[in-house]
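The values are calculated or read from the model by the stated rules, or taken from the named source; none is laboratory data. Treat the numbers as computed from the prediction; the structure is a model and nothing was measured. Counting neighbours? That spans all protein chains shown, and the Cβs are built from the backbone with ideal geometry, glycine included. These accessible areas exclude ligands, DNA and RNA; they are computed on the full protein's heavy atoms, side chains included. Shrake-Rupley method; radii C 1.70, N 1.55, O 1.52, S 1.80 Å.
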Amino acid sequence: MSATRYTYLGPEGTFTEAALRTLPEAATRELVPMVSVPAALDAVRNGEAAAALVPIENSVEGGVTATLDELATGEPLMIYREVLLPIAFALLVRPGTKLSDIKTVTGHPVAQPQVRNWLRAHLPDALWESAASNADGARLVQEGRFDAAFAGEFAAATYGLEALVTDIHDAENAETRFVLVGRPARPAAPTGADKTSVVIWLGDDHPGALLELLQEFAVRGVNLMLIQSRPTGAGIGNYCFAVDAEGHISDRRVGEALMGLKRISPKVRFLGSYPRAGVSPAEVRALRPGTTDADFVSASDWLTRAQDGRA
């Protein structure tokens, strides 16, 4: 395995590359762009890279399905870190292009909902066609296949383009969450401001089946930060659920919730416990009474005394 190589969703000039370069260790790693999320993750699976940075959630569109599906299937991988990156787009064009010249535009499919209103207001007749990534859209404009691309302003220099319009976004404070993914290992020690990610498969379909899964978190005071259903491919009505929960697997409330899920779900895949981006332990909400590690230890001690006749 190449311990010095990180892959990312390429080509050069993507928001994913910009997010990866915010990590201190990126300065000492070989950063290799890949053509897709599956390709970036497969490079980790087969030992060509130590880790991959891929988008997993957008504040406008929600989960990035390509990443969620890849993490739920195939050889297991684990999330070690997350990165939050503010997202604003620039309209990149070949030098000399005016707004009135633009008849075709491109960008990543996740970008379209973030610029839909701007596009309707300023280029209502322009034809949109999706690209593999925003930077790939910029490359296609460079090659003359499209008139303009929505991408990061920083991509203009890479592809010899100009930013005709900057700071385009339909939603204020839009962000994309990226995750650094590697091969499974022991999670890092808890920081006090952590997140745990799992994928849970629904068992037999019956009323309240999803509620039963969610109650394993609720009764232990574990707050959920994301839950998204994904088809398993086994037929209509067969789903698994990607879940992000507050806390670390070593926290008693989280660990016991995962054990509860394992008892009632046909399959649970642990994707990692890792620090929450941009949140310090002092900012984490106080736990409900009865859900701290001390509360779980006290209850366990009481049960032991009851079994010994000392309750």
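Structural remarks
- Scanning the range 39-47 turns up no residue that is in a loop (DSSP other than H, G, I, E, B) and within 26 Å of Met225 (Cα to Cα).
- The listed residue being part of a helix (DSSP H, G or I), of a type in the set (S, T, N, Q), in the same structural domain as Thr196 (by the TED database) and at pLDDT 90 or above, out of Thr291, Thr304: Thr304
- The residues of the range 26-37 that are assigned to a helix (DSSP H, G or I) and surrounded by 18 or more Cβ atoms within 10 Å (Cβ to Cβ) amount to a single one, Val37.
- Any hit, the range 7-25, residues being surrounded by 17 or more Cβ atoms within 10 Å (Cβ to Cβ), touching a helix residue (DSSP H, G or I) at 6+ places or on another chain (Cβ under 6 Å) and more than 21 Å from Asn134 (Cα to Cα): no
- Once the range 150-209 is narrowed to residues that are of a type in the set (D, E, K, R) and over 30 Å from Leu91 (Cβ atoms), the residue that is surrounded by the most Cβ atoms within 10 Å (Cβ to Cβ) is Asp194.
- Residues satisfying the stated conditions in the range 144-176, i.e. out of contact with any helix residue (DSSP H, G or I) (no Cβ under 9 Å at 6 or more places or on another chain) and within 22 Å of Val32 (Cα to Cα): Glu153, Ala157
- In the range 256-299, the residue that is farthest from the chain's Cα centre (by Cα) out of those that are open to solvent by less than 60 Å² (accessible area, probe 1.4 Å), among the polar types (S, T, N, Q) and more than 29 Å from Ala209 (Cβ to Cβ) is Thr292.
- Test set (1) crowded, with 22+ Cβ neighbours inside 10 Å; (2) out of contact with any Pro (no Cβ under 7 Å at 6 or more places or on another chain) - Tyr80 fails condition number: (1)
- Within the range 185-197, residues that are more than 13 Å from Gly247 (Cβ to Cβ) have Cβ atoms under 9 Å from residues that are of a type in the set (Ser, Thr, Tyr) and open to solvent by 70 Å² or more (accessible area, probe 1.4 Å) in these pairs: Ala185/Tyr80; Ala188/Tyr80, counting only partners at least 6 apart in sequence or on another chain.
- On inspection, Val60 passes the criterion of being over 27 Å from Pro24 (Cβ atoms) and either open to solvent by 10 Å² or more (accessible area, probe 1.4 Å) or in a strand (DSSP E or B) (or both).
- Residues satisfying the stated conditions in the range 106-115, i.e. out of contact with any helix residue (DSSP H, G or I) (no Cβ under 7 Å at 6 or more places or on another chain) and hydrophobic (A, V, I, L, M, F, W, C): Val110, Val115
- In the range 93-145, residue least open to solvent (accessible area, probe 1.4 Å) [restricted to those that are more than 19 Å from Glu162 (Cα to Cα), part of a helix (DSSP H, G or I) and polar (S, T, N, Q)]: Gln114
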